[in-house]
Amino acid sequence: MRKLWRCCYYASGSSEGASERYLDFGLPEFERFLFSCISTTGMEIEVVGADMSRFEKLSAVSRFPEARKHLHSCSMSADNCSRCDGCSLDMLSLDALGRLDAFSGTYDVAFYRGHRDRYFRLMMSRKGDPLFAQAYAAFRKKGDPELSGMERVAAAIDRFDSLWKEGSEESCSRAVEILTPFSSDPHAALRRADAYASGKGVKKDRDKERRLRGTAADHLKREAEDGFVCSGERLFDILWDMGGRDDELMGAVVPGVQADSPYSKACMSRMCAEGRGVEKDEDAAIMWMKEAAEGDPGRFSADYCGMLLGSKDPGRHSLAAEYCRSQIGIREDPALLAMLSEMCSKGKGTDRDQAEAVRLMRRAAAKDPSYETRYCRALLDSDAHADHREAFEICSRLCKGRGGPDAWAMMAEMYSEGKGVTKNVVEASRWMRKAAEARPSRLSYEFCRMLQSSGVPELEEEAFRLSEDRYEKTGSDMYLAIIARACRDGKGTEKDIPKAVECMKKAVRSSSKYLREYCELLLASDREEDHAEAHRICSGIYKKSGTPFSCLAIATMYRDGKGVGKDLDKAMTWFGRDEDAAGSSDDLAYCDFVLAADDEGLHEAAWNICSERYKATGSSAYSGRIARMYRDGKGVGKDLEKAVEWMERSYTDDPDAWGEEFNDLLSKVG
């Protein structure tokens, strides 16, 4: 060939200057760079047409009769399928140019005409893409009436998305109202369904949610049956959320898999991971997601890593870390940077290294500012005070600017814990209140917990009132548990153990995670029937699982004579079972347990243990217990001055843990 031609002309699909950014784009956008590398002195490959867009080239070639017979743009078959993105783009462009009918021998023009609204929706969803932008502009210039009607729907959807993002009850309510006239549109229907599912802007209504999702599913099903792969993929997502039949899920996704669609392969991965439509198979799930990531790394690389990390196999965790590093070496994907950062922070798949975690998350935030709050989290997880100060500075800037509930909640956390700023529970509550008002469904519970633990009576009262209000609105067991704790401790309301027991009993019916607290409340009650109920529950737990908690609770009942006859020997036997169940002996737990018993011999044993362990370790945990023994006269003669002396040692080492007890002792001595 070199003897025949010294120059080969290649028709470019890219634009001028794209080669300067080639690392961030696919092959078509850096072909100039590529062909300059493979050209030789004997054969130069020259890229031409880079100064023209695809739309302009199509406008030029569409005038030629040969093009009307042979133009091919399909990405799925040797013949134009008239459904894929490549065919859709060229048919839309030819329609905008007024020349589509001349290509009836090349494309299925009749099908296009019958589904023009579907092609228009694709174009509008991709109007920011340079490939579709000129066709979209041409239709708008012509004032196409069908497009104008669809743009009104699109404008309403954009307005919904903007209001919904604000997150307040008022903005969400307004968002739902805006879309009410357009419920027949599948995209509008899905957004309204999300509102009825979440209860944001409207009252939760499962029936209305399902009807709206069904409207969208019916529309997409018709399009999928007509051969639109991406409609089948959207249909899969709706059916998945609605708990659709296995055969429906498989029917929606198989055409895309056959067309080598990365998204459809990711859907197959989900099916294998959860055993829907196919047998549950982690290996197959990971294989399908790997193929999806290979086909579209920008979209599915993070999902592939997430699936590897979700495995119980530590080898796959290491593979996830290796994969992240290899992909980051090709392109700095902020999602992968953030994922690798969290792996370094937790020591999962790689050595734990918080400094590296901070560096990686800093790079993610530099690429995408939406990761700045996660960068602040990495800084706060560090042990370095300088990192905490930087987190506070960044979060303060975010709160002054675009802010948002995540940033406000993080500000609250920093003020609450005194990280990067002086501890201030009132200021912490102010920021968390703002975050909870913007995102009540997610943050109201954390706000109530913060108020309840503030130590400020006015805030504790607010926690109680808000918890009652949120429980009335949501029926959530989380708020019942907060109400129970308030009644137990007399925080924000009168101390009322029976009411605390009843509230926690209701919470336990919804979730067993409150079972331990419920048993502790039963034992704190003065009613013998509550003690008997605690013994019944703990005995059942012990028979079922032998948990350390059940052993310790039963030991405590025998020690104090609650729910069973008082029997110190049995108490110590059950406490020994607690140590066996926990897998280790804990001197501090033993001392705390026996000091609560009425037995001087056990008190002396606790004194000897704490004295010896303090000499060996100098730990504030032991000096604090020695102080308590001097204070109460258990295991040693009562001596408040020595109690203060020993408690001061603990306070000096750990003021947060021992400050309250130290101040209480000082008040007794003074």
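For semi-axes √(5λ) of the Cα gyration tensor in Å, the candidate list reads [x] 50, 34, 23; [y] 64, 30, 25; [z] 40, 28, 25; the entry that matches the value derived from this model is [y]. Helix-only arithmetic for the chain: the sum of -39500 (n - 2.57) across DSSP H runs with n ≥ 4, divided by the residue total, places the mean residue ellipticity at 222 nm at -22500 deg cm²/dmol.
Rounded, prolate or oblate: which fits region 311-380 when a ≥ b ≥ c are the square roots of the eigenvalues of the alpha-carbon gyration tensor, with rounded for a/c under 1.5 and prolate only if a/b beats b/c? Judged from the Cα gyration tensor, region 311-380 comes out oblate (a/c at least 1.5, b/c at or above a/b).
The angle separating the long axis of helix 145-166 from the principal Cα axis of greatest extent in the chain is about 20 degrees.
How far is helix 600-617 tilted off the main Cα axis of the chain, in degrees rounded to 10, range 0 to 90? The helix 600-617 is inclined about 50 degrees to the chain. The value of relative contact order for the chain, using C-alpha pairs under 8 Å at least six residues apart, is 4 percent.
Exceedance of the 21 Å cut-off in Cα-Cα distance is limited, within the set 165/513; 423/473; 473/495; 505/562, to 165/513; 423/473; 473/495. Axis of helix 655-669 versus longest Cα principal axis of the chain: the two differ by about 30°, to the nearest ten degrees.
Across region 322-337, computed HN-Hα scalar couplings (Karplus, 6.51 cos²θ - 1.76 cosθ + 1.60, θ = phi - 60°) run 4, 5, 4, 5, 5, 6, 5, x, 8, 8, 7, 6, x, 5, 6, 4 Hz from first to last residue, x flagging Gly and Pro.
Computed over protein heavy atoms with a 1.4 Å probe, the accessible surface of the chain works out to 52 Å² per residue.
Only Cα pairs under 8 Å and 6+ residues apart enter the sum, and on that basis the relative contact order of region 273-373 stands at 18 percent.
Is the shape of region 65-160 best called rounded, prolate or oblate, per the rule: a/c under 1.5 gives rounded, else a/b larger than b/c gives prolate, else oblate, with a ≥ b ≥ c the square roots of the Cα gyration tensor eigenvalues? Prolate is the answer for region 65-160, as a/c is 1.5 or above and a/b outweighs b/c.
Amide H to amide H distances under 5 Å link residue 10 with 46, 47, 48, where only residues 5 or more positions off or on other chains count and H is placed in the peptide plane.
Counting protein heavy atoms only, the chain has 49 percent of its accessible area on carbon and sulfur, 1.4 angstrom probe. Note that region 46-61 has calculated 3J(HN,Hα) couplings of 10, 8, 10, x, 5, 8, 10, 7, 4, 4, 5, 5, 5, 4, 6, 6 Hz, one per residue in order, obtained from phi through the Karplus relation 6.51 cos²θ - 1.76 cosθ + 1.60 (θ = phi - 60°); glycine and proline are x. Region 473-577: which GluC sites (Glu not before Pro) are DSSP loop and have at most 13 other beta-carbon atoms within 10 angstrom? Of the GluC sites (Glu not before Pro), the ones in loops of region 473-577 whose Cβ has at most 13 other Cβ atoms within 10 Å are 494.
Region 262-318 and region 38-67 have Cα centres spaced 40 Å apart.
With K and R counted +1 and D and E -1, the other residues having a Cβ less than 9 Å from that of residue 131 yield a net charge of 0. Averaging Cα coordinates gives a centre for region 112-182 and one for region 380-398; these two points are 41 Å apart. Evaluating 6.51 cos²θ - 1.76 cosθ + 1.60 at θ = phi - 60° for every residue in region 522-527, the Karplus couplings come out as 4, 6, 7, 6, 8, 8 Hz, glycine and proline recorded as x. With 31 Å as the limit on Cα-Cα distance, the pairs of 543/615; 141/208; 204/506 that go past it are 543/615; 141/208.
What separates the Cα centres of region 634-666 and region 415-447 is a distance of 32 Å.
For residue 292, the shell of other residues with beta-carbons less than 13 Å away shows a net charge of -2, using +1 for Lys and Arg and -1 for Asp and Glu. Could you tell me which of rounded, prolate or oblate describes region 283-337, using a ≥ b ≥ c as the square roots of the eigenvalues of the alpha-carbon gyration tensor, with rounded for a/c under 1.5 and, failing that, prolate when a/b is larger than b/c and oblate otherwise? Because a/c hits 1.5 or more and a/b fails to exceed b/c, region 283-337 counts as oblate.
The values are calculated or read from the model by the stated rules, or taken from the named source; none is laboratory data. This one's a predicted model, so the numbers in the text were calculated from it and none came from an experiment. Using ideal geometry, Cβ is built from the backbone for each residue, glycine included, and neighbour counts are taken over all protein chains shown. Surface accessibility is based on the protein's heavy atoms, side chains included, excluding ligands, DNA and RNA. Shrake-Rupley method; radii C 1.70, N 1.55, O 1.52, S 1.80 Å.
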